[in-house]
1. Which pairs have Cβ atoms under 8 Å, sit 6 or more apart or on different chains, and link a residue in segment A:63-92 that is more than 24 Å from A:ALA157 (Cα to Cα) and facing chain B (nearest Cβ under 10 Å) to one that is assigned to a strand (DSSP E or B) and of a type outside the set (A, V, I, L, M)?
2. With A:ALA102, A:ALA76 as the choices, which residue is of a type in the set (Gly, Ala, Ser), over 22 Å from A:LEU133 (Cβ atoms) and surrounded by fewer than 18 Cβ atoms within 10 Å (Cβ to Cβ)?
3. Just checking, how many residues over segment B:109-131 are surrounded by fewer than 16 Cβ atoms within 10 Å (Cβ to Cβ) and at the interface with chain A (Cβ under 7 Å from one of its Cβ atoms)?
4. If you go through segment A:1-59 one residue at a time, how many are more than 14 Å from chain B (Cβ to nearest Cβ) and assigned to a loop (DSSP other than H, G, I, E, B)?
5. Given the condition farther than 23 Å from A:ILE170 by Cβ, within 8 Å of chain B (Cβ to nearest Cβ) and touching a helix residue (DSSP H, G or I) at 6+ places or on another chain (Cβ under 7 Å), answer yes or no: does some residue in segment A:234-245 qualify?
6. Quick one: which residue in B:GLN20, B:GLN61 is surrounded by 14 or more Cβ atoms within 10 Å (Cβ to Cβ), at negative phi and more than 8 Å from chain A (Cβ to nearest Cβ)?
7. Need pairs with beta-carbon distance below 7 Å; first residue of a type in the set (D, E, K, R) and within segment B:43-60, second outside any loop (DSSP other than H, G, I, E, B); sequence gap 6+ or separate chains.
8. In the set A:ALA250, A:ALA200, which member is under 20 Å from A:PHE71 (Cα atoms) and either crowded, with 22+ Cβ neighbours inside 10 Å or aliphatic (A, V, I, L, M) (or both)?
Amino acid sequence: MARIIAGIGTSHTPAIGAAVDNGKTGEPYWTPVFKGYEPSKKWMAETAPDVAIIVYNDHVNAFDFKIIPTFGLGCAAEFPIADEGWGARPVPAVQGYPELAAHMVQSLVLDEFDMTIVNEMQVDHGLTVPLTLLFGQPQAWPVRVIPLAVNVVQYPAPTGHRCYMLGKAIKKAVESWDEELKVVIFGTGGMSHQIQGPRAGLINKEFDKAFLDGLTRDPERLAQIPPLEYLRDAGAEAIELVMWLMMRGALGERVREVHRFYHVPASSTGVGHIILETA
Amino acid sequence: MSKQPEEYEDIPGTWVFDAQRARKGYHLNAFFYSLMKAENRAEFLADEHKYLEKFPMTEAQRDAVMKRAWNTLLELGGVSYAIVKLAFTDKKSYQHMASKMAGVSESDYVNMMLSGGRSLDGWRSKSERRS
């Protein structure tokens, strides 16, 4: 059967992608960020998963405001790279896994998570920056990807608890797929940041550290954090962290933390990163 | 026809993009979204006012676009991820837009981030500020 073997939490700040694409990774501003991901790239190369489920949010690129799915599951065979307003990132198109995605949709809907089925979709930095951070700059991504787009742009995003429960249902869906597959799941975005209004630039390191600690040791508590607490204490865009809870929910009760990294800043964000293996 | 103030309205310096704001900003955000295409960016820059006439937004919204009044755009229903496409059209970065919203120079903003970002002190709640 297919198994989820690990979860990866990581920021998806667009400036990180731009630094790679423009050959700036050796600049003093960026060296600490990429150094923090060196062990992760090594880990990923050794782990060599077959499939990556990437929980991310679209930033008004694939979805305009005509339709805003709370949970959109990418069922296409291929996902082109979006032009977000300055040209598409020079990275390979993302290959999907339509058969497994279709199976997940059926399993999740019958488990009472009403997914929006997305058969055509461009993917933006929310999905491609995590790929770059963990896989570098290959000619083709060495993994098939199932994108799971979460609305965190228009308030309210789904609650942390809802995402956590959906993560559990994802675990069940994957484990009922009869094929030997190593699956990893990414929770992306965050950590503390605000990129709008006079309060732009807010960072809350204590909040971020507690979140990373809780992810390993006490996710049930994290799942109870109300939306207001993210917005108020960690910045309007920190609500993206609910996507990390979906990742965590998919890992089962016990996990082993194999890597952690935290750094401020990348552009306006606190960069957080964690790798958790399932027990 | 009104509702109780939301708790998040107590957060200083922040316009949460909620359903009411999204409703007011629908055509404004559709304009920003149109800037994802290179030909639209060129057409807009050639005659901003004429291009904006294509979108049934309010005069206040059009005026804020022309003036690059970033915080006003948030207040009038723009969402930052959409608004930033206007900054990109001007060949500016997200950081440039964020510094203007914060009311500081871009280099001061970058330095604030390099020293750990804006502290929550004094920025957590409007009611805490008053007390």
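1. Note: no pairs meet the criteria.
2. Among A:ALA102, A:ALA76, only A:ALA102 is of a type in the set (Gly, Ala, Ser), over 22 Å from A:LEU133 (Cβ atoms) and surrounded by fewer than 18 Cβ atoms within 10 Å (Cβ to Cβ).
3. 2
4. So the answer is 7.
5. Looking for residues that are farther than 23 Å from A:ILE170 by Cβ, within 8 Å of chain B (Cβ to nearest Cβ) and touching a helix residue (DSSP H, G or I) at 6+ places or on another chain (Cβ under 7 Å), one finds none in segment A:234-245, hence no.
6. Testing whether each residue is surrounded by 14 or more Cβ atoms within 10 Å (Cβ to Cβ), at negative phi and more than 8 Å from chain A (Cβ to nearest Cβ) leaves just B:GLN61.
7. Correct list of pairs: B:GLU43/B:TYR51; B:GLU48/B:MET66.
8. A:ALA250
No lab work stands behind these numbers, since they all come straight from the coordinates. Worth saying up front: this structure is predicted, and the values here are computed from it rather than measured. In this analysis, Cβ positions are derived from the backbone assuming ideal geometry, glycine residues included, and neighbour counts consider all displayed protein chains.
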